[in-house]
Amino acid sequence: MRAVVVYKWSRNAADALVRADGSIDWRNAKMSPGEDDPAALAAALRLIRGGDDELVGLTIGDGDASWALARGVASTWSVEDLPALADNGSTAAVLAAAVRRIGGVDVVVIGDSRQEPGVAAAVAGRLAWSVVLGAQTVEAVDGRLHVTRRVADVRQTVVVPTPAVIGIAAESDLDRAPGMKELLAARKRPVNRIGLADLGVTAGDVQTLGCRRPETAPARVFAGDPAQSAAQFVSALRAEGVL
Amino acid sequence: MSDDVDFDVIVIGAGVAGSVCAHQLAKAGHEVVLIERGSEPGSKNLSGGVFYCRVLDEVFPDFVSSAPVERRITRNVLSFLNGDSHVNIDYWDERLAEPANAVTVLRARLDPWLAEQCEQAGAMVMPGVRVDGLLRDGERVVGVRAGEDELRAHVVVAADGVNSFLARDAGVRPKEPQRHLAVGVKSVIALPRPVIEDRFRVTGDEGVAYAVVGDCTQGVAGGGFLYTNRESVSVGVVLRLDDLGARGLSSSDVHDHFLAHPAIAPLIRGGELLEYGCHLTIEDGPAMAARDLTRPGLVLIGDAAGLTLNTGLTIRGMDLAAGSALAAARTVAAALSTGDCSGEALGAYRTELERSFVGADLRTYGRAPKFLENPRMYGDYGRLLADVFHGIYTHDLRPRRHLVGAALGAVKASGVGLGQLARDGWAAARAL
Amino acid sequence: MDSWVFITADGWSGALEAPRALGGRVVAVVVGPRELAEGVAAAGPDEVRWVEPKPGVPPEAFSLPLADVVAAAAPAVLVAGADPAARALLGAAAAALEVPLLPGAVGLAVEDGHLRVRRALAGGQTIETCAPGGGVAVIYAGEDAPAATRPEATIEVLGLTCSPLAIGASEPVGQASGLSDAERVVSFGRGVRAREDVAIVQALADACGAELACSMPIADDLGWLDKSRYVGRSGNHIAPALYLAVGIAGAPQHLEGVRGARIVAAINNDPDARIFQSADYGIVGDLYEVVPALVAEIDKLDK
Ligand SMILES: Cc1cc2nc3c(=O)[nH]c(=O)nc-3n(C[C@H](O)[C@H](O)[C@H](O)COP(=O)(O)OP(=O)(O)OC[C@H]3O[C@@H](n4cnc5c(N)ncnc54)[C@H](O)[C@@H]3O)c2cc1C
Ligand SMILES: Cc1cc2nc3c(=O)[nH]c(=O)nc-3n(C[C@H](O)[C@H](O)[C@H](O)COP(=O)(O)OP(=O)(O)OC[C@H]3O[C@@H](n4cnc5c(N)ncnc54)[C@H](O)[C@@H]3O)c2cc1C
Ligand SMILES: Nc1ncnc2c1ncn2[C@@H]1O[C@H](COP(=O)(O)O)[C@@H](O)[C@H]1O
């Protein structure tokens with residue numbers, strides 16, 4: 001089994017500050033992996049059972065390869081000259097080209113991100129592979145993948161032939177800091193840096209016409225004396241008919 | 001020397017001290033790992049931010065132009081602050097720009113840059129790992145432990161800052177008495193570049209540093225500072241821990257009081273708070289640095305060694321951190337080349353340090369902490385100066401007095417006494 | 001400008017309504033049971049094309065064959081909601097058409113003859129307008145749409161061979177906690193400092209006639225309530241008339257669980273708490289003072 005785990009290394013969306021005019025201030029945003037990526041990596045690692053099994057990391061931008069390498073990935077590929085794109089389709093086209101370039105891949109495991117919910121699906125589309133999104137676990141059984149996920153109130157197992165793309169949706173924060181020995185081991189593992197030209201693809205993006213703040217009514221917030229706030233709050237909820 | 005090591009040198013702490021030391025040793029061809037507990041170097045570090053950076057000339061040939069520095073300090077303002085008045089000594093000198101004598105820095109930018117220089121020099125930078133303890137073989141330090149992992153090296157350099165857990169673990173430092181320490185509380189406030197230029201009368205990449213004494217600390221031994229960055233100002237207070245505790249004040253309240261002071265508030269008006277943080281710093285560096293700075297296999301540098309000088313008007317830690325890092329790197333390189341990393345060989349570090357500006361300045365300023373304990377520094381003198389100037393500039397139709405007369409009158413009224421004034425003046429000259 | 005909307009599960013009303021603003025034909029492609037297709041047809045799109053999977057076949061099994069159909073028709077706009085299977089269909093179709101795929105869409109429009117996509121960024125704090133140029137695929141993330149009053153569409157059955165994907169096993173998750181159909185839910189988070197203090201919030205829930213719920217750390221890390229009682233992405237997805245969050249920061253993962261709530265109200269001592277950006281009503285204050293005051297106020301009502 002040759003698996004590729006795709007992870008994102010970018011400015012943490014939770015750190016984005018929106019200015020009054022609607023533009024985004026990224027000044028204090030830290031670089032971090034995507035929120036679902038630790039779960040995707042954990043799921044991908046479970047596919048690797050020794051023998052010829054191999055897990056390869058893939059990221060775009062000049063992401064931190066050691067993030068995946070120190071967590072058990074054998075080698076990584078980075079497509080370095082690609083900025084973060086709004087267009088999930090374009091991002092996916094580059095990832096799919098990289099997966100082809102890596103070659104011999106049976107399964108791509110990727111975070112099914114709330115911020116970029118189109119990437120995993122479009123990677124599968126570009127590769128013309130099967131896909132299951134919103135997954136929790138993936139296991140290899142007799143050359144097929146058993147993928148679990150929650151649909152409404154049931155947990156179902158979907159059996160998928162390879163090659164396939166599996167989008168993992170994290171259920172909680174799984175990331176753990178690697179230890180010194182893992183970090184040392186990571187340093188010895190190969191990092192393949194490539195560019196769009198090597199892949200023979202171009203990556204356009206959609207044009208943006210700017211941002212503005214939404215016209216939502218802000219919350220009615222009461223502050224000050226607790227008893228008085230409580231009275232105003234209760235009467236507001238009564239007026240809404242919910243109390 | 002045994003060969004079962006992972007690295008020649010393990011440096012702990014990617015602050016100024018650790019990064020400069022790791023850089024020098026890696027550049028000399030040694031296998032070096034620089035371990036930092038923050039997820040990114042600098043993420044936990046805090047300085048007021050004036051870096052007397054000449055010491056780095058020999059490390060990074062064009063430090064000021066290539067490193068992420070904010071502004072070159074060409075104006076220094078010493079401000080005596082009272083509740084309703086202040087007297088400023090305002091010193092501007094174009095000569096301070098070239099060669100740059102002091103620059104403002106933001107550690108969140110500087111430290112990652114320094115760590116990157118280490119990487120380029122061939123060191124391995126290992127962020128996100130907190131060292132929990134030293135490994136020993138008898139008396140000798142042979143490595144470090146973090147979680148379940150151990151790494152071994154010929155020499156361990158502890159650059160883990162003012163709280164140096166490693167210095168304590170090694171038995172070099174006892175629990176530090178409170179009078180040796182101070183707490184700094186600082187805000188970084190964003191202001192547009194043109195506002196900074198107008199408000200502080202600076203142009204280009206030149207900047208100003210205010211050192212403030214008096215009402216800024218509500219009587220607590222310590223002082224306030226305000227430094228201009230490119231598009232922000234760093235402003236805050238440094239308060240001696242024992243005095244703060246004795247007066248029962250909270251450091252964040254004193255900080256807020258300072259920022260709201262009528263002399264300070266207009267300087268930061270309209271700004272947006274970018275960062276707020278507090279950090280310990282060293283009050284009596286000379287006393288702390290008088291302790292052992294080496295053990296077999298171990299060297300202490302920077303704040304971990306107690307190397308900060310608080311002169312009352314400036315806090316200098318980063319330059320001493322860099323200076324001690326250079327001295328340590330020379331010592332360690334020599335020890336590695338002879339294969340003798342015993343206590344004695346590393347003991348040469350003390351000599352290296354004494355020979356450098358670090359040792360010289362420690363001797364020069366050895367008296368400063370004592371002088372700064374003088375409570376008159378934080379109250380009476382600011383009032384006295386203001387009264388002198390008040391006497392000069394108030395034209396209340398009474399006959400004018402000669403300047404000396406006005407001053408003497410003010411001294412008398414202040415209750416400090418002429419003899420006291422003379423003694424304090426002499427002490428100041430000797431200490432600072 | 002014609003649009004195709006991919007539907008595989010409930011929660012499709014907003015995605016179906018959004019492309020109406022473009023003025024073209026709206027074609028609903030439903031992959032799922034007959035009732036789903038009928039419900040969609042009742043909302044009155046211009047056409048419904050229905051693929052009925054055999055039992056044990058997940059909707060994703062049709063992603064590639066359906067992409068061929070889409071490629072042949074080449075509609076200008078493709079839409080899907082957040083549902084994983086619908087996104088799988090959309091991804092394959094967008095790749096086949098080689099059009100951009102934009103997430104977070106909250107509105108579609110035509111301005112001066114050009115297609116515009118408005119999309120939410122930074123957790124909905126700002127709205128970006130994009131000009132895709134040619135066609136586009138979008139993942140709709142806006143509000144649900146009210147029930148439409150349009151003539152019912154006829155359902156055209158689409159016969160497709162599927163890829164060999166199969167549903168192996170299904171098992172129900174979690175036990176019923178009574179949260180899913182509660183009218184009112186009072187929920188608390190780490191603002192509550194000690195296990196004993198849960199009683200304070202319980203008293204408020206009792207006074208309101210509400211079910212008690214919590215944020216994930218309360219159930220997962222602290223175990224103060226059963227895991228069947230936490231709300232959010234990986235817990236309960238609920239739609240009460242009133243959701244009252246006490247000492248909850250309002251992480252996006254938590255709020256995912258209450259998207260369907262009619263009124264969200266919050267008590268938090270931090271005026272900048274994220275929850276106030278999503279709430280309709282709020283009290284800034286210490287829950288240890290505010291909650292007893294609320295109980296007293298509600299008790300007054302009853303007398
Ligand atoms: C408010 C304030 C104002 C100041 N103003 C100035 C000024 O204007 N100019 C000036 O020169 N100096 C100033 N200083 C002093 C200056 O900040 C310090 O002297 C300087 O930062 C010391 O550098 P260092 O490298 O020794 O330690 P630090 O910069 O403290 O670095 C120590 C590093 O070690 C890491 N570390 C600690 N423990 C571990 C561990 N167990 N494992 C791994 N990593 C660890 C820390 O995360 C940190 O990165 C000021 C200090 C304060 C608090
Ligand atoms: C992949 C993933 C999935 C997740 N899924 C879920 C999920 O399904 N559900 C979920 O809940 N979380 C989930 N989380 C966790 C989520 O990100 C938050 O960490 C969590 O919701 C925070 O819980 P909290 O608001 O109770 O705690 P905190 O973030 O600690 O917030 C406590 C709040 O209480 C306020 N407060 C403190 N004291 C008082 C007082 N005296 N009076 C009033 N207010 C006070 C504080 O201001 C603060 O806003 C998930 C995370 C990840 C990464
Ligand atoms: N042992 C430690 N490990 C990791 N982080 C720490 C440790 N000690 C302190 N910190 C962090 O460092 C910052 C300053 O710590 P201190 O100077 O000890 O108050 C705080 O934000 C702490 O979160």
Item checked: Estimated distance in nm for a label pair at residue B:148 and residue B:265, the labels positioned 7 Å out from Cα along Cα-to-Cβ -> 5.8 nm
Note to self: Over all directions, how big on average is the projection of the convex hull of the alpha-carbon atoms in chain C, in square nanometres?
What the structure shows: 18.2 nm²
Check: Of the trypsin sites (Lys or Arg not before Pro) in the range B:175-245, which ones lie in a loop per DSSP and count no more than 16 other C-beta atoms within 10 Å?
Finding: B:175, B:201, B:230
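Convex hull over the alpha-carbon atoms of the range B:116-172: what's its volume per residue in Å³?
Per residue, the Cα convex hull of the range B:116-172 comes to 104 Å³.
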Notebook entry, point to check: What is the ratio of the Cα radius of gyration of the protein assembly as shown to 2.2 N^0.38 Å, where N is its residue count, to two decimals?
Noted result: 1.10
Item checked: Alpha-carbon centroids, the range A:74-111 and the range B:177-240: separation in whole Å -> 47 Å
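Take the alpha carbon gyration tensor of the range C:76-234, find the square roots of its eigenvalues, order them as a ≥ b ≥ c, and report rounded if a/c is under 1.5; if not, report prolate when a/b exceeds b/c, else oblate. Can you show the working numbers first?
Values: a/c = 2.38, a/b = 1.81, b/c = 1.31.
Note, shape of the range C:76-234 comes out prolate.
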Notebook entry, point to check: Angle between the Cα long axis of helix C:63-73 and the longest principal axis of chain C, 0 to 90 degrees, nearest 10?
Noted result: 50 degrees
Next item on the list: May I ask you to derive the relative contact order of chain B, considering only C-alpha pairs under 8 Å and at least 6 residues apart, and to give it as an integer percent?
Entry: 19 percent
Next item on the list: Can you tell me how much longer the chain between residue B:101 and residue B:357 gets when fully stretched, taken as 0.36 nm per residue apart minus their C-alpha distance, in nm with one decimal?
Entry: 90.7 nm
Checklist line | Among B:260, B:182, B:153, residue whose mean-square fluctuation peaks in a GNM of chain B (springs only between Cα atoms under 10 Å) | finding: B:260
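Between residue C:206 and residue C:25, what is the FRET efficiency for a Förster distance of 41 Å, r being their Cβ-Cβ separation, to the nearest 0.05?
Numbers: r = 53 Å, r/R0 = 1.30.
Plugging the Cβ-Cβ distance into 1/(1 + (r/R0)^6) gives 0.15.
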Notebook entry, point to check: Considering only DSSP states other than H, G, I, E and B, which GluC sites (Glu not before Pro) in the range A:147-243 qualify as loop sites with at most 14 other Cβ atoms within 10 Å?
Noted result: A:215
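Compute the FRET efficiency between residue C:144 and residue A:239 as 1/(1 + (r/R0)^6), taking r as their Cβ-Cβ distance and R0 = 25 Å, and round to the nearest 0.05.
Working: r = 23 Å, r/R0 = 0.94.
About 0.60, to the nearest 0.05.
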Note to self: Tell me the angle of helix A:88-102 to the major Cα principal axis of chain A, expressed in degrees between 0 and 90 and rounded to the nearest ten.
What the structure shows: 20 degrees
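Set the Förster radius R0 to 60 Å, insert the Cβ-Cβ distance between residue C:256 and residue B:420 as r into 1/(1 + (r/R0)^6), and round the FRET efficiency to 0.05.
Numbers: r = 69 Å, r/R0 = 1.15.
Result of the calculation: an efficiency of 0.30.
Give me the Kirkwood hydrodynamic radius of chain B, using the inverse of the mean 1/r over all pairs of distinct Cα atoms, in Å to one decimal.
Numbers: mean 1/r = 0.0441 Å⁻¹.
Taking the inverse mean of 1/r over all distinct Cα pairs, chain B comes out at 22.7 Å.
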Check: Using the alpha carbon gyration tensor of the range A:2-199, what are the three equivalent-ellipsoid semi-axes (square root of 5 times each eigenvalue), largest first, in whole Å?
Finding: 25, 21, 18
Notebook entry, point to check: When a footprinting reagent is the concern and you count Cβ atoms within 10 Å, what order do B:274, B:166 take, fewest first?
Noted result: B:274, B:166
Next item on the list: Provide a whole-number value for the mean count of partner chain Cβ atoms within 10 Å of the Cβ atoms in peptide C:268-280.
Entry: 2
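Return the average number of partner chain Cβ atoms within 10 angstrom of each residue Cβ along peptide A:204-215. Please report the intermediate quantities before stating the final value.
Working: counts 2, 2, 13, 5, 7, 9, 5, 9, 5, 3, 7, 1.
Per residue, the average neighbour count from other chains is 6.
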Note to self: Between A:204, A:63, A:224, where does the largest GNM mean-square fluctuation fall for chain A, given springs only between Cα atoms within less than 10 Å?
What the structure shows: A:224
Notebook entry, point to check: Which entries in the list A:181/B:44; A:8/A:181; B:27/B:186; C:227/C:300 go over 28 Å, if you measure between the two C-alpha atoms of each?
Noted result: B:27/B:186; C:227/C:300
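Within 10 Å, count the other beta carbons around each residue, average over each peptide in A:109-116, C:32-39, and list them highest first. Don't skip to the end; give the middle numbers.
Numbers: A:109-116: 25.5, C:32-39: 15.8.
Ranking the peptides A:109-116, C:32-39 by packing returns A:109-116, C:32-39.
In peptide C:106-113, what is the residue-averaged number of other protein chain Cβ atoms found within 10 Å of each Cβ? List each step's numbers first, then the result.
Values: counts 1, 0, 0, 0, 0, 1, 0, 0.
Mean inter-chain Cβ contacts per residue within 10 Å come to 0.
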Check: In whole Å, how far is the Cα centre of the range C:263-303 from that of the range C:39-71?
Finding: 45 Å
Next item on the list: Provide Rg and Dmax in Å for the range B:316-358, with only Cα atoms included in the calculation.
Entry: 10.6, 34
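For the range B:40-149, which trypsin sites (Lys or Arg not before Pro) are both in a DSSP coil and crowded by at most 16 other Cβ atoms within 10 Å? Display every interim value, and only then the final one.
Working: sites: B:44, B:54, B:71, B:72, B:75, B:95, B:107, B:109, B:130, B:136, B:140, B:145; in loops: B:44, B:71, B:130.
Hits after loop and neighbour filter: B:130.
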Next item on the list: Could I get the Rg over Rh figure for the range C:3-157? Both from C-alpha atoms, Rh via Kirkwood, rounded to two places.
Entry: 0.94
Next item on the list: Would you mind ranking B:364, B:281, B:351 by Cβ crowding within 10 Å, fewest neighbours first?
Entry: B:351, B:364, B:281
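Rounded if a/c is under 1.5, else prolate if a/b beats b/c, else oblate: with a ≥ b ≥ c from the C-alpha gyration tensor eigenvalues square-rooted, which is the range C:179-302? The partial results should precede the final answer.
Numbers: a/c = 1.24, a/b = 1.20, b/c = 1.03.
In terms of gyration-tensor shape, rounded.
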Notebook entry, point to check: To the nearest Å, what is the center-to-center distance of the range C:192-238 and the range B:46-101, using C-alpha atoms only?
Noted result: 54 Å
Next item on the list: Take every Cα pair under 8 Å in chain C that's 6+ residues apart, average their separations, divide by the length, and report that relative contact order as a whole percent.
Entry: 14 percent
Notebook entry, point to check: Using the alpha-carbon atoms, what tilt in degrees (0 to 90, nearest 10) does helix B:318-338 show relative to the longest principal axis of chain B?
Noted result: 20 degrees
Notebook entry, point to check: At 222 nm, what helix-only mean residue ellipticity would the protein assembly as shown give, in deg cm²/dmol to the nearest 500, using -39500 (n - 2.57) for each DSSP H run of four or more?
Noted result: -9000 deg cm²/dmol
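Using the number of other C-beta atoms within 10 angstrom as an exposure proxy, rank A:168, C:167, C:275 with the fewest first.
Numbers: A:168 30, C:167 17, C:275 23.
By the 10 Å Cβ count, ascending: C:167, C:275, A:168.
Every read-out reported here was derived from the displayed coordinates using simple, explicitly stated rules and does not represent laboratory data. In this text, all values refer to a predicted model and were calculated from it rather than measured experimentally. Cβ sites come from the backbone with ideal geometry, for glycine too, and all protein chains shown count toward neighbours.
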